[in-house]
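Student: Have a look at the structure that comes next, please.
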Amino acid sequence: MKKNFLKLMAMSLVSVMALCSFAGCGGDAPADDTQKDGAETFKIGMIGPLTGAASSYGISVQQGCEVAVAEINANGGVAGYQFELLPADDQHDAEKAINAYGTLMDQGMNALVGTVTSVPCIAVTEESTVDGLLQITPSASAAKAAQYDNCFRICFTDPQQGEHMANYIAGQGIMNCAVLYDVSDAYSSGIYEAFVPAYEALGGTVTTAESFASGDVDFKTQLTSVKNSGAEGLFMPFYYTEVAYVANQAVDVGLDVPFFGCDGWDGVIAQLNGDTTLVDGSVFLTPFLANATDDKTVAFVEAYQAAYGTAPDQFAADGYDAVYAVAAALEKAGTVDNAALVAAMHEIELAGVTGTMTWDENGDANKGAILAKIQDGGVVPAE
Amino acid sequence: MKINEVVSLEFLAQMINGLSLGSIYALIALGYTMVYGICKMLNFAHGDVIMVGAYMLSVAMGMLGLPPVLAILLSMVVCACLGVTIERIAYKPLRNASPLAVLITAIGVSYFLQSSALLIFGSTQRKVESAINVSSVQLGELTIGGNALVTLLLTIVLMTGLTWFINHTMTGKAMLAVSEDKGAAQLMGVNVNRTIATTFLIGSALAAVAGVLFISSYGFVGPYTGAMPGIKAFVAAVLGGIGSVPGAMLGGILLGLIESLSKAYISTQLADAIVFGVLIVVLLVKPTGLLGKKRTEKV
């Protein structure tokens with residue numbers, strides 16, 4: 001009897017494990033083909049990680065897109081079309097992204113906002129370029145994520161961020177700056193590689209360039225080297241999770257210099273539970289500030305807050321602008337023809353919540369950077 | 001002369017970094033090596049028990065508002081119960097199965113714990129207030145973190161205590177007997193099942209302590225927090241001689257020092273390669289690890 005009970009326990013343990021491993025699957029939103037009365041429907045596909053480890057990015061983009069689509073439809077649509085958003089999940093996986101792309105094409109997608117992350121995005125550009133479909137990635141920053149003529153991007157590229165920060169740091173009179181970057185991550189290395197020549201061209205000296213690999217939690221060795229290199233500042237182009245570790249450990253090794261970061265820092269305040277004493281005064285580059293006071297941002301933040309109960313992050317803002325970019329291209333082209341939409345992208349200028357932008361021949365957005373300063377548990381624009 | 005001073009000061013600082021990293025590896029390796037030494041199984045879920053210990057501390061201190069000492073005790077009790085439960089449900093039915101089956105089950109348990117934490121606590125990392133409030137010590141130009149000191153001291157105390165417990169108490173002697181020969185120990189009246197359960201109980205309570213020290217040093221816990229330190233500590237245990245308690249300590253400290261010094265003076269990218277290179281060389285020269293005992297199997 002006891003043995004049977006144990007067997008039962010073991011069996012149920014195994015089945016729970018099996019269930020857990022499948023828990024990530026599913027979740028594709030069913031297609032909604034119903035048309036609104038009187039107007040034709042323009043279908044915008046959206047691909048991103050809606051489940052899995054990177055899901056916070058995908059969900060933010062989707063919610064930003066939903067807000068934009070609702071606004072556009074409430075204002076009577078564009079060029080006689082009502083917008084419809086078709087979200088699909090790729091779990092930050094290239095193969096699933098391609099499957100999602102195929103499904104969306106079958107549903108009659110007219111333009112794609114996506115994908116959210118770089119690796120799946122590069123894979124999807126290979127497909128969309130064959131179809132000639134207008135593809136705008138809100139947030140994939142790798143150079144190849146907008147490699148074909150039909151591909152455009154809302155966010156900064158990695159090199160753009162490195163150059164912007166080199167300008168800012170040198171502009172603050174800090175001419176001896178150390179860099180700590182994630183050597184295993186293309187985003188972080190990409191920013192680092194563009195930063196060094198740009199900073200040196202401005203007369204700055206990179207006192208030491210230290211690296212780590214994703215998943216590392218101990219940075220004391222690198223920080224000790226930074227301290228002993230005589231740096232007056234530390235540039236940290238990587239994501240907020242590691243930023244929080246570094247800020248903690250800098251105290252342990254007695255390193256007290258200003259920190260500078262990139263747009264991966266978005267979320268660092270939540271990560272630190274709002275206690276920003278360790279990173280107060282740090283400045284990072286961001287495409288979007290939710291507490292900016294211009295009308296567009298205020299309206300977007302209000303609508304987003306009403307719909308989802310939280311303030312939008314930069315991914316939501318990128319998604320929002322991507323939908324408006326599609327709308328502007330449709331307005332300009334006046335037709336749903338793929339080639340006309342793609343051609344229109346080079347002619348439009350969009351005043352979005354992440355800045356006023358035009359698109360160059362590579363499909364990259366030209367726009368100014370916002371520099372955000374961490375202060376008293378919040379983020380304020382840096383002078 | 002001036003330059004020499006600066007260089008040696010940096011060297012000392014990096015040695016301290018290595019020691020503080022190594023003492024955490026050593027503490028985790030203690031649990032690994034103990035379970036291996038007694039039960040001859042690699043408990044790959046050990047790293048994840050550390051994660052559970054860290055989460056328990058965060059729940060006890062953050063949500064229940066318990067004082068640090070009670071929170072640490074609660075975390076140890078929960079982990080000890082978890083360890084015994086895992087052993088009862090997942091490993092005990094496999095007592096006579098092939099080692100490979102047990103190994104795969106251990107990996108399964110590890111995934112189970114990670115996924116459960118993901119479901120319960122979500123994927124974002126939590127900030128945990130340090131349970132240890134020891135301020136840094138300033139020695140001239142050198143700064144030594146308070147957590148590093150506590151971890152190092154506690155690891156030495158726990159290692160000494162564990163060695164004494166195994167060699168001088170009845171339960172400890174029963175553990176040694178079980179590790180020598182399960183069947184013979186049973187014939188001599190040793191309750192094998194209870195002995196193994198006790199091993200898991202102590203090993204998991206140690207894991208909770210490691211978890212508490214780990215997040216006191218690094219400040220954050222997520223579902224995968226235990227994975228990487230678990231693997232590093234396993235390497236430390238093998239380097240020092242798996243099954244040997246002082247070996248785990250030595251292996252952990254050496255691993256931390258090698259990692260820190262190669263990051264500082266050779267290359268950050270190559271640090272892990274150097275660590276594993278040293279492991280390979282040690283195993284080639286002394287297959288049982290630095291302090292491991294060679295055991296002849298009698299047929």
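The values are calculated or read from the model by the stated rules, or taken from the named source; none is laboratory data. Source: prediction; values computed, not measured. Cβ placement follows ideal geometry from the backbone for every residue including glycine, while neighbour counts extend to all protein chains displayed.
Student: Go through B:ALA106, B:ALA97 for me and flag whichever is modelled with pLDDT of 90 or more and hydrophobic (A, V, I, L, M, F, W, C). Write out each step before concluding.
Tutor: On the way: B:ALA97 fails: modelled with pLDDT of 90 or more.
Going through B:ALA106, B:ALA97 in turn, the sole match is B:ALA106.
Student: Which one of these does B:LEU158 not meet: (1) assigned to a helix (DSSP H, G or I); (2) in contact (Cβ under 8 Å) with a residue 60 or more places away in the chain; (3) over 20 Å from the mean Cα position of the chain (by Cα)?
Tutor: Here B:LEU158 meets the rest and fails (3).
Student: So B:THR268 fits all but one of (1) in a helix (DSSP H, G or I); (2) at the interface with chain A (Cβ under 9 Å from one of its Cβ atoms); (3) at pLDDT below 90; what number is the exception?
Tutor: (1)
Student: Within the stretch B:93-136, take every residue that is of a type in the set (Lys, Arg) and buried (at least 18 other Cβ atoms within 10 Å of the Cβ) and give me the one that is farthest from the other protein chains (Cβ to nearest Cβ). So that I can check it myself, show each step before the final result.
Tutor: From the stretch B:93-136, those of a type in the set (Lys, Arg) are B:95, B:126-127; that's our starting set.
If we keep only those that are buried (at least 18 other Cβ atoms within 10 Å of the Cβ) too, we end up with B:126-127.
Working: B:ARG126: 8, B:LYS127: 5 Å.
Restricting to residues being of a type in the set (Lys, Arg) and buried (at least 18 other Cβ atoms within 10 Å of the Cβ), the top hit is B:ARG126.
Student: Whether any residue in the stretch B:275-295 is within 14 Å of chain A (Cβ to nearest Cβ) and either under 21 Å from A:VAL183 (Cβ atoms) or out of contact with any Pro (no Cβ under 6 Å at 6 or more places or on another chain) (or both) is what I want to check.
Tutor: Taking the stretch B:275-295 first, the residues within 14 Å of chain A (Cβ to nearest Cβ) are B:275-276.
Of the ones still in play, those that are also either under 21 Å from A:VAL183 (Cβ atoms) or out of contact with any Pro (no Cβ under 6 Å at 6 or more places or on another chain) (or both) are B:275-276.
Yes, the stretch B:275-295 has at least one match.
Student: Which members of the stretch B:100-136 meet the condition of being among the polar types (S, T, N, Q) and part of a helix (DSSP H, G or I)? Don't jump to the end; show me each part of the working.
Tutor: Pass one, the stretch B:100-136, residues among the polar types (S, T, N, Q): B:105, B:110, B:114-116, B:123-125, B:130, B:133, B:135-136.
Result: B:THR105, B:SER110, B:GLN114, B:SER115, B:SER116.
Student: For the stretch A:210-221, indicate whether the set of residues that are more than 8 Å from chain B (Cβ to nearest Cβ), more than 16 Å from B:TYR218 (Cα to Cα) and out of contact with any His (no Cβ under 6 Å at 6 or more places or on another chain) is non-empty.
Tutor: No; the residues of the stretch A:210-221 include none that is more than 8 Å from chain B (Cβ to nearest Cβ), more than 16 Å from B:TYR218 (Cα to Cα) and out of contact with any His (no Cβ under 6 Å at 6 or more places or on another chain).
Student: Within the bounds of the stretch A:267-280, is there any residue that is assigned by TED's automatic domain parsing to the domain that holds A:ILE169 and within 21 Å of A:ALA142 (Cβ to Cβ)?
Tutor: If we filter the stretch A:267-280 for residues that are assigned by TED's automatic domain parsing to the domain that holds A:ILE169, which is where we start, we get A:267-280.
From what is left, the residues that are within 21 Å of A:ALA142 (Cβ to Cβ) are A:267.
Yes, the stretch A:267-280 contains at least one residue that is assigned by TED's automatic domain parsing to the domain that holds A:ILE169 and within 21 Å of A:ALA142 (Cβ to Cβ).
Student: Of the residues in the stretch B:17-44, how many are in a helix (DSSP H, G or I) and farther than 15 Å from B:ILE258 by Cβ?
Tutor: In the first step, residues of the stretch B:17-44 are kept if they are in a helix (DSSP H, G or I); the result is B:17-39.
Now restrict to residues that are farther than 15 Å from B:ILE258 by Cβ: B:27-28, B:30-39.
The total comes to 12.
Student: In this structure, is B:VAL238 away from chain A (no Cβ under 14 Å), more than 17 Å from B:SER23 (Cβ to Cβ) and modelled with pLDDT of 90 or more?
Tutor: Working: away from chain A (no Cβ under 14 Å): yes; more than 17 Å from B:SER23 (Cβ to Cβ): yes; modelled with pLDDT of 90 or more: yes.
Yes.
Results for (1) modelled with pLDDT under 80; (2) away from chain B (no Cβ under 14 Å), shown as yes or no for each residue.
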| residue | (1), (2) |
| --- | --- |
| A:MET9 | yes, no |
| A:ILE44 | no, yes |
| A:ALA54 | yes, no |
| A:GLN91 | no, no |
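Student: Does B:SER179 satisfy the condition of being more than 14 Å from chain A (Cβ to nearest Cβ), more than 15 Å from the chain's Cα centre (by Cα) and either in contact (Cβ under 8 Å) with a residue 60 or more places away in the chain or more than 22 Å from B:GLU259 (Cα to Cα) (or both)? Can you show your working first?
Tutor: Values: more than 14 Å from chain A (Cβ to nearest Cβ): yes; more than 15 Å from the chain's Cα centre (by Cα): yes; either in contact (Cβ under 8 Å) with a residue 60 or more places away in the chain or more than 22 Å from B:GLU259 (Cα to Cα) (or both): yes.
Yes; evaluated as a whole, the condition is true for this residue.
Student: Can I ask one more? I want to confirm something. Restricting to the stretch B:241-261 and keeping residues that are crowded, with 23+ Cβ neighbours inside 10 Å and within 14 Å of chain A (Cβ to nearest Cβ), which single residue is nearest to the chain's Cα centre (by Cα)?
Tutor: B:GLY252
Student: Condition check: under 23 Å from A:ASP218 (Cβ atoms), touching a residue at least 24 places away in the same chain (Cβ under 8 Å) and within 14 Å of another protein chain (Cβ to nearest Cβ). Does A:GLY267 satisfy that?
Tutor: On the way: under 23 Å from A:ASP218 (Cβ atoms): yes; touching a residue at least 24 places away in the same chain (Cβ under 8 Å): yes; within 14 Å of another protein chain (Cβ to nearest Cβ): yes.
Yes; evaluated as a whole, the condition is true for this residue.
Student: When only residues in the stretch A:227-238 that are in contact (Cβ under 8 Å) with a residue 12 or more places away in the chain and within 11 Å of chain B (Cβ to nearest Cβ) count, which is nearest to A:ASP275 (Cα to Cα)?
Tutor: Residues of the stretch A:227-238 in contact (Cβ under 8 Å) with a residue 12 or more places away in the chain: A:227, A:229-238.
Now narrow it down to the ones that are within 11 Å of chain B (Cβ to nearest Cβ): A:227, A:229-230.
Numbers: A:LYS227: 24, A:SER229: 29, A:GLY230: 28 Å.
Going through the qualifying residues, I end up with A:LYS227.
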